[in-house]
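Some notes on the structure that comes next.
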């Protein structure tokens, strides 16, 4: 059992804390939203503050919206790097750019701390079930320290490489995910327009060369896959806003290293359009609404 500080109690953070508690870790939580802390206190967590959540703990986990938020909580003013005991392990499970992850790891070292980047894949349902995939960037010894804590929240804990490698794995994975979702939306929209039954196409594709995880686990058409948010009015597992953010991270990295990612760039543009049209809080599979509403018929 470890003593863990946890910062960021949103859609993902809250169920992750509950998995830590179920594994009998002692968890102190902090969030700017008091109601989020109160809900977890009822489940056995201790409520902390920005100035106490990192005190006297073995590890601190951050699960925040953006790199600026992580840098702020760790570095600015009396940041957590300056409150924790020397040698405390920091685990950042936010999705941020790899360069910021590298800089934070260096700052942690200067402050006498250790930091791994450990973003997740799996969404809210897998967070609640404790079956997330963690992609971890850091040294071998840092990974060994983090793994027992991460195992309370995930079933696949993968050492991706040195600092920043976890974040690189996350945005590459989500670039493929976003592109795949758009491809399936387009194909099933086309099928509808030519009069092909969605269930029949699904049955064929699930057994054919176009089979994919998105197709069989997260299909954007309601009624085809029991686990899909499409069956619940596209309430998120993983919001369109977060997909747009991660696609943006992939394209920032591509520009930095000169990689050619034309489909990644187009997927980013499409999700930007969808998010800015008022759908940011819907699941990313809801982009089928925009694709399905578009027309490209002769004479239009």
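Overview of results
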read-out: Selection count, region 241-275, where residues are surrounded by 11 or more Cβ atoms within 10 Å (Cβ to Cβ) and farther than 24 Å from residue 100 by Cα; value: 6
read-out: Conditions (1) at pLDDT below 95; (2) closer than 22 Å to residue 132 by Cβ; (3) in a helix (DSSP H, G or I): number failed by residue 250; value: (1)
read-out: Lone qualifier among 226, 222, 236 - being touching a strand residue (DSSP E or B) at 6+ places or on another chain (Cβ under 7 Å) and either surrounded by 14 or more Cβ atoms within 10 Å (Cβ to Cβ) or in a loop (DSSP other than H, G, I, E, B) (or both); value: 236
read-out: Qualifying residue in region 272-288 (condition: in a helix (DSSP H, G or I), more than 27 Å from residue 64 (Cβ to Cβ), touching a residue at least 40 places away in the same chain (Cβ under 8 Å) and not assigned by TED's automatic domain parsing to the domain that holds residue 126); value: yes
read-out: Residues being in a helix (DSSP H, G or I) and either within 30 Å of residue 226 (Cβ to Cβ) or in contact with a helix residue (DSSP H, G or I) (Cβ under 7 Å, 6 or more places away or on another chain) (or both) - total across region 100-111; value: 5
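The values are calculated or read from the model by the stated rules, or taken from the named source; none is laboratory data. Here the structure is a predicted model, which means the values were calculated and not measured. No Cβ is skipped: glycine too gets one built from the backbone with ideal geometry, and neighbour counts run over all protein chains shown.
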